[in-house]
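A.B. asks: Please read through the structure below; I'll follow up with questions.
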Amino acid sequence: MGALTIGIDIGGTSVRASVVDDRGTMLDTLRAATPPTAQALEHCLDRLTGELTSRWTAEAVGLAIAGFLTPDREIVRFAPHLPWREARVAAEMSARVGLPVFAEHDANSAAIAEYRFGAAARGHNTLVLAIGTGIGAGLLLDGEIYRGSYGVAPELGHLTVVPDGRPCSCGKRGCWERYCSGTALVDNVVELLADDDWGRSQLAADVAADPGSLTGRRVAGAAADGDAVAAAAMAGFAGSLGQGLAMIADIFDPDLIVLAGGVGAASGLFLDEAREHYARLVTGPGHRQLARIRGTQLGESAGVIGAAEIARQGLLRTSER
């Protein structure tokens with residue numbers, strides 16, 4: 001077994017931390033709800049790291065962060081679902097925990113994991129979409145992350161797909177992730193329940209009894225069980241996904257798209273329908289080669305495994321200097 005590292009996936013809803021070996025195997029995992037303030041979030045990261053290092057000898061920590069990072073990944077500029085603004089997250093955490101800490105965008109982390117250990121292994125120009133609370137995107141060109149000129153590319157979740165549509169935490173309206181994410185599934189159900197009577201739906205009954213029980217995971221589970229409201233919400237999700245995939249294909253023309261993240265892990269519920277929308281909406285349908293679209297092989301673990309791999313690569317770069 002090579003060096004052990006800790007990967008921490010920091011999402012808008014939850015934080016997941018794991019000790020990971022050099023084959024991408026998770027050896028020990030902890031979870032926590034994402035705290036609302038920067039101080040509480042940093043305390044949470046320190047606590048999870050401390051618990052894991054009390055049981056394992058880890059050499060570095062990688063952070064998969066749902067936000068904009070500078071090209072050198074030293075500063076988190078902005079995170080729509082997290083409290084950091086212009087924060088030196090990695091360096092400050094390293095000083096607190098006494099280990100090297102390396103930060104990366106969460107979708108890039110998932111892309112690296114899928115390329116190294118999962119569904120993107122044989123991609124040439126590959127896009128990995130991390131669909132969870134929102135949408136993150138990582139673009140790999142022959143295995144190398146494309147960041148753009150200022151470190152924020154490709155921020156696809158905040159492309160406008162519905163003018164003057166649902167408000168988004170980024171400050172705009174009608175962003176793609178407001179129609180194609182775990183949060184979007186909840187909104188789809190709320191809108192469906194407001195527009196019609198779904199008396200035979202167990203999900204509708206559950207929401208009426210306890211509105212707080214409605215989550216994207218709950219909707220996906222109900223759709224798998226054949227619930228009518230959940231199935232309709234998932235159909236809307238699939239249509240929005242196909243619309244966005246067609247836009248992406250027109251911009252990047254990838255040969256492979258991998259759907260990762262918490263919702264991406266449930267791709268069996270919507271992928272076939274999304275493919276049909278994509279094939280119909282892409283420019284020049286029937287006259288061009290379409291990207292292969294796959295579900296994740298690593299599931300919700302892609303961000304964690306990728307963060308740990310980034311920490312391992314960071315150690316190697318440091319040792320070569």
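The values are calculated or read from the model by the stated rules, or taken from the named source; none is laboratory data. Here the structure is a predicted model, which is why all the values come from computation and not from measurement. Please note: Cβ atoms are built from the backbone with ideal geometry, for glycine as well, and neighbour counts cover all protein chains shown.
A.B. asks: Got a number for residues in region 77-96 being modelled with pLDDT under 95 and either part of a helix (DSSP H, G or I) or within 14 Å of Val152 (Cα to Cα) (or both)?
C.D. replies: 4
A.B. asks: Check Ala111, Ala91, Ala120, Ala66 and return the single one that is surrounded by fewer than 22 Cβ atoms within 10 Å (Cβ to Cβ) and of a type in the set (A, V, I, L, M).
C.D. replies: Ala91
A.B. asks: Checking Ala307 against (1) assigned by TED's automatic domain parsing to the domain that holds Leu192; (2) within 20 Å of the chain's Cα centre (by Cα), only one condition comes out false. Which one?
C.D. replies: For Ala307, the exception is condition (1).
A.B. asks: Could I ask something else about it? Out of all the residues in region 5-19, is one or more out of contact with any helix residue (DSSP H, G or I) (no Cβ under 8 Å at 6 or more places or on another chain) and modelled with pLDDT of 95 or more?
C.D. replies: No, region 5-19 has no match at all.
A.B. asks: Right, something else. I need the helices (runs of 4 or more DSSP H) fully contained in region 250-321, keeping only those with at least 1 residues that are among the acidic types (Asp, Glu) and over 18 Å from Arg116 (Cβ atoms).
C.D. replies: It comes to 271-281, 302-320.
A.B. asks: Here's a follow-up. Mind listing just one residue for me: the one in region 123-142 that is closer than 27 Å to Met234 by Cβ and over 12 Å from the mean Cα position of the chain (by Cα) and, of those, surrounded by the fewest Cβ atoms within 10 Å (Cβ to Cβ)?
C.D. replies: So, considering only residues that are closer than 27 Å to Met234 by Cβ and over 12 Å from the mean Cα position of the chain (by Cα), the one surrounded by the fewest Cβ atoms within 10 Å (Cβ to Cβ) is Leu139.
Each row is one residue, and each column tells you yes or no for (1) closer than 18 Å to Thr126 by Cβ; (2) out of contact with any strand residue (DSSP E or B) (no Cβ under 6 Å at 6 or more places or on another chain).
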site	(1), (2)
Phe237	no, yes
Ser240	no, yes
Gly262	no, yes
Tyr278	yes, yes
Ala291	yes, no
Ala307	no, no
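A.B. asks: A follow-up question, please. Checking Ala110 against (1) more than 14 Å from the chain's Cα centre (by Cα); (2) at pLDDT below 95; (3) not polar (S, T, N, Q): exactly one of these is not met. Which one?
C.D. replies: Going through the list (1) more than 14 Å from the chain's Cα centre (by Cα); (2) at pLDDT below 95; (3) not polar (S, T, N, Q), Ala110 breaks only (1).
A.B. asks: Only one residue in Leu48, Leu99 is touching a strand residue (DSSP E or B) at 6+ places or on another chain (Cβ under 9 Å), within 18 Å of Glu300 (Cβ to Cβ) and not in a strand (DSSP E or B). Which one?
C.D. replies: After ruling out the rest, the residue left standing is Leu48.
A.B. asks: Starting from residues that are more than 20 Å from the chain's Cα centre (by Cα) and more than 15 Å from Ile310 (Cα to Cα), keep the ones in region 69-88 and report whichever is surrounded by the most Cβ atoms within 10 Å (Cβ to Cβ).
C.D. replies: For region 69-88, the residue satisfying everything is Ala87.
A.B. asks: Which of the residues spanning region 227-261 are of a type in the set (Asp, Glu) and either at positive phi or surrounded by 18 or more Cβ atoms within 10 Å (Cβ to Cβ) (or both)?
C.D. replies: Scanning region 227-261 gives Asp227, Asp253.
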